[in-house]
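Laboratory data are not the source of any read-out in this text; all were calculated from the coordinates shown. Everything numeric here is computed off the predicted structure, so don't read it as measured data. Methodologically, a virtual Cβ is constructed for each residue, glycine included, from the backbone with ideal geometry; neighbour enumeration extends over all protein chains shown.
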Amino acid sequence: MRPTFRAMQVASRSISRSKSTSFIGLGRMGYQMAYNLFSKKYAQASDSQFVVCDANPETAHTFCASFSTQYPSANISFVETPEQAAILSSNIITMLPSSPQVKSVYNGSIIPTLQKLHGESPQETFCIDSTTLDVDVARTVASDVSKAGATMIDAPVSGGVAGAMAGTLSFLVGGTEESFKMAFPILSLMGQRIIHCGPSGSGLAAKICNNLVLGVEQIVVAEAMLLGQRLGLDPAVLASVINSSTGGCWASSVNNPVPFSLPGKSPPCERDYDGGFATSLMLKDMGLASNVAEKEGTPLPLGTAARDIYATIVEKQPELSTKDFSSVYRYLEQRVEK
Ligand code: NAD
């Protein structure tokens, strides 16, 4: 029988807030990350609990219902709002689309809840945000969390959905040394490389710079693979040359946009560009890079051009916006320039 929301919440209240972790944002990345964290730490522990929350309550319910069946001794529950998550748990992990959702979840729900906590110390609350968002927004939210008496770090990830499933993500952490040490054992359950990049916002700064490189590289790999074929080259031969030469990079050796150019591998292009990292998310990250670069007065001639290409794809071929960003190859392939 499907447990009711009220029944789940009542059950969860019997465990103290300090022994409870809430995961908010169960999307393509968050669902897998939450599963790794839950299965490695909470599935067999009767004295602690795991709480999930998503803007789509059905997603949180599905997560909760399937894993409570699989792990009957686990304390797992779902809530419908981040406010309820903050009431129940002193550890809060968020994995949301971008800046507006992080502002809404923290400023609209979690921070006001921390300010109202009576009998429980907000100092115990530790927030980890793994969203890729604007550096300044992240710093401001972390500072507001700190003013409410709690601690927050930015810990965006690299490694994609496959890394989230395998628990091999890289976490790029921005925060104090002490908060990095607090986060390490939690993040290690979802990732393999946990890197302290510096104070608040530094994890995001590193993530945005990395994706700036990636966004540009994926386009130029698509250009080279297209040009090579029009010059008569077999794509597998060309990919093998690039990957054993100075042009080799992740975009060519793992995420090559041409089907069957990487024998033994199956990049998103071999699944009609499904899965992987959505073009719309890459556009968001290129926008984050160009916005912050403008504020810092840093020139990004290639980054801006790449952002404009992703923006054109999303506008003119919206069917590619949810496809992997290597589908830029398909966009270029359909263009004829004489
Ligand atoms: P997604 O859109 O699949 O998931 C976001 C989830 O957040 C959704 O389930 C949505 O319902 C939920 N959500 C939105 N607003 C909410 C709110 N107010 N309260 C509660 N839940 C809310 O996105 P994703 O692919 O999982 O990516 C999440 C973040 O990770 C993004 O910042 C993205 O840039 C970054 N990232 C993604 C990848 C990837 O390969 N997908 C790789 C690295 C980093």
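The table for this structure:
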{"quantity": "Whichever aspartates and glutamates have a C-alpha closer than 14 Å to that of Lys284, once near sequence neighbours (fewer than 8 apart) are set aside", "calculated": "Asp134, Asp308, Glu315, Asp324"}
{"quantity": "Estimated inter-spin distance, Leu231 and Ala65, nm [label 7 Å along Cα→Cβ]", "calculated": "5.6 nm"}
{"quantity": "Max mean-square fluctuation residue, GNM over the chain, Cα-Cα springs under 10 Å, options Gln32, Gln218, Gln44", "calculated": "Gln44"}
{"quantity": "Semi-axes of the equivalent ellipsoid for the chain, Cα gyration tensor, largest first, Å", "calculated": "39, 22, 17"}
{"quantity": "Peptide ranges 162-168, 68-74, 84-90 listed from the most packed, as the mean C-beta count within 10 angstrom indicates", "calculated": "84-90, 162-168, 68-74"}
{"quantity": "Count of Lys pairs (Cα-Cα under 23 Å; at least 8 positions apart or interchain) in region 5-199", "calculated": "10"}
{"quantity": "Given charges at beta-carbon only (K, R positive; D, E negative), |dipole| of the chain in Debye", "calculated": "540 debye"}
{"quantity": "Estimated translational D of region 206-333 in µm²/s (Stokes, Kirkwood radius over Cα pairs; 37 °C; 0.692 mPa s)", "calculated": "223 µm²/s"}
{"quantity": "Antiparallel content of DSSP bridges confined to the chain, in %, to 5", "calculated": "15 percent"}
{"quantity": "Amide proton proximity set for Ser22, modelled H, under 5 Å, gap of 5+", "calculated": "Val51, Asn91, Ile92, Ile93"}
{"quantity": "Degrees, to the nearest 10: 177-187 long Cα axis against longest axis of the chain", "calculated": "80 degrees"}
{"quantity": "Degrees, to the nearest 10: 57-70 long Cα axis against longest axis of the chain", "calculated": "70 degrees"}
{"quantity": "Residue order, fewest to most surrounding Cβ atoms within 10 angstrom, among Asp129, Asp144", "calculated": "Asp144, Asp129"}
{"quantity": "Mean separation of Cα contacts under 8 Å (6+ apart) over length of region 5-199, as relative contact order %", "calculated": "20 percent"}
{"quantity": "Distance histogram for region 5-199 (every C-alpha pair counted, 5 angstrom bins, percent rounded to whole numbers)", "calculated": "1, 8, 18, 22, 23, 17, 8, 2, 0"}
{"quantity": "Whole-number percent relative contact order across region 206-333, with pairs defined as alpha carbons under 8 Å at least 6 apart", "calculated": "33 percent"}
{"quantity": "Region 123-193-region 215-230 distance, computed between alpha-carbon centres (Å)", "calculated": "34 Å"}
{"quantity": "Highest-first arrangement of 250-261, 284-295, where packing means the average Cβ count within 10 Å", "calculated": "250-261, 284-295"}
{"quantity": "Tilt relative to the chain, helix 301-316 - C-alpha long axis, 0 to 90 degrees, to 10", "calculated": "80 degrees"}
